[in-house]
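One structure below.
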Amino acid sequence: MKVADIPEIVRLTVPEKILLAEDLWEDINSNESDVPVPPGHKKELDRRLLKYKSNPGNLLSLEQLQERIEARK
């Protein structure tokens, strides 16, 4: 489904579309058990949890994280 398929949405203003998107997201979030988690995402989450559990003190500070993010730009 595309926005262009729903004329009522096409006619909305940008602020109205943002509010609609927020409402849609809240509705999805309220039924999060209905949202399937792709196997690749689950595998990555499991990998990260295992890595954390094997060395829980090996975390980045906020400053270190920000530096890594900036370095990737």
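The values are calculated or read from the model by the stated rules, or taken from the named source; none is laboratory data. What you see is a predicted model; the values in this text were computed from it and never measured. Note that each Cβ is placed from the backbone with ideal geometry, even for glycine, and that neighbours are counted across all protein chains shown.
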Looking only at residues in region 19-57 that are among the hydrophobic types (A, V, I, L, M, F, W, C) and within 20 Å of Ile9 (Cβ to Cβ), which one is nearest to the chain's Cα centre (by Cα)? Trp25
Of the residues in region 1-11 that are within 23 Å of the chain's Cα centre (by Cα) and not in a helix (DSSP H, G or I), the one that is nearest to Val35 (Cα to Cα) is Met1
Restricting region 12-37 to residues that are outside any helix (DSSP H, G or I) and at pLDDT 95 or above, which is surrounded by the fewest Cβ atoms within 10 Å (Cβ to Cβ)? Thr13
